[in-house]
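Accompanying notes for the structure given below.
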Amino acid sequence: MAERKIQFVNEEIYHIVMRAIDGINLFCDKQDYLRMIHDLFEFNDVNPILSTFRSVCYRGKFNTTQQGRVAFLNKSGRKRKLLVEILAFCLMPNHVHLLVRQLRVNGISRFMQKFGGYASYYNKKHRRRGHLFQDKFKAVHIKDNEQLQTVFVYIHTNPVAIIFPGWKEKGIKDFKKARNYIESYRWSSYSDYLGEKNFPSITSREFLKKVMGKPKDCRKFVNDWLRYKQELADFDEVVIE
């Protein structure tokens with residue numbers, strides 16, 4: 001296997017994409033999305049995965065609140081030792097976006113190796129065999145605050161493609177519909193940055209808050225871009241296709 005060109009360095013930030021093979025849908029129902037959310041939390045740990053976690057996940061049983069949000073329970077009482085800080089995320093039908101900062105040597109590689117365990121759950125539940133993800137996850141090194149702002153917008157506006165396919169090339173015809181869609185899209189970290197608790201346990205948001213500002217500033221930045229600045233964003237530096 002060819003060596004990965006990008007080398008992951010502690011305290012550096014990377015935009016990562018995991019994509020399904022052959023256009024397969026990674027998420028066939030709400031339970032699949034919740035399983036992936038749970039994996040983002042549970043796999044981000046130096047400690048090995050508990051067998052009890054595996055059995056619960058394979059049975060498809062999660063503890064949720066009345067709002068349906070995952071309640072993360074650490075029954076062993078142990079303290080997690082994070083491999084990475086997840087700064088932002090977005091789950092799309094056939095791929096996953098992550099913005100992470102590595103905390104430990106080989107932290108990203110170890111996290112992503114664990115993260116591949118979603119395939120075992122998916123194959124068992126949906127009665128299929130074989131690979132689910134493309135061979136290698138893709139990554140881009142984020143080098144400065146300008147890139148960080150751009151990738152924040154890129155990740156959190158990705159769901160617009162669900163209602164407006166090809167919008168990055170064609171533009172957005174209905175700004176309000178796009179804005180409302182991404183703000184209500186459950187499977188990303190955007191609403192947490194807007195101050196509405198969705199899956200707050202997943203992300204470490206303090207660093208990005210210093211760059212993006214308060215919730216009202218964050219919303220304005222994204223909305224201004226959606227409405228006025230699509231053609232000005234330099235996505236080439238952060239996009240992974």
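A short reminder: the numbers here are calculations on the coordinates, not readings from a lab. What you are looking at is a predicted structure, and each value in this text was computed from that prediction instead of being measured. Please note: Cβ atoms are built from the backbone with ideal geometry, for glycine as well, and neighbour counts cover all protein chains shown.
The table that follows gives values for the structure above.
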{"read-out": "Residue among PHE152, CYS218, SER204 farthest towards the positive dipole end of segment 144-237, charges placed on Cβ", "value": "CYS218"}
{"read-out": "Separation in nanometres of the label points that stand 7 Å from Cα toward Cβ, at ILE21 and LYS173", "value": "3.7 nm"}
{"read-out": "Proximal lysines relative to LYS79, as straight alpha-carbon distance under 24 Å, when same-chain residues fewer than 8 apart are discounted", "value": "LYS61, LYS114, LYS197"}
{"read-out": "Stokes-Einstein translational diffusion, segment 144-237 - Kirkwood Rh over all Cα pairs, 0.692 mPa s, 37 °C, in µm²/s", "value": "241 µm²/s"}
{"read-out": "Inter-probe distance in nm under a simple model that places probes 7 Å from Cα toward Cβ, at GLN113 and ASN47", "value": "2.0 nm"}
{"read-out": "Contour excess over end-to-end distance, with Cα ends at LYS30 and GLU183 and 0.36 nm allotted per residue", "value": "53.3 nm"}
{"read-out": "Spacing of the two label points (7 Å from each Cα toward its C-beta) at ILE6 and ASP144, in nm", "value": "1.9 nm"}
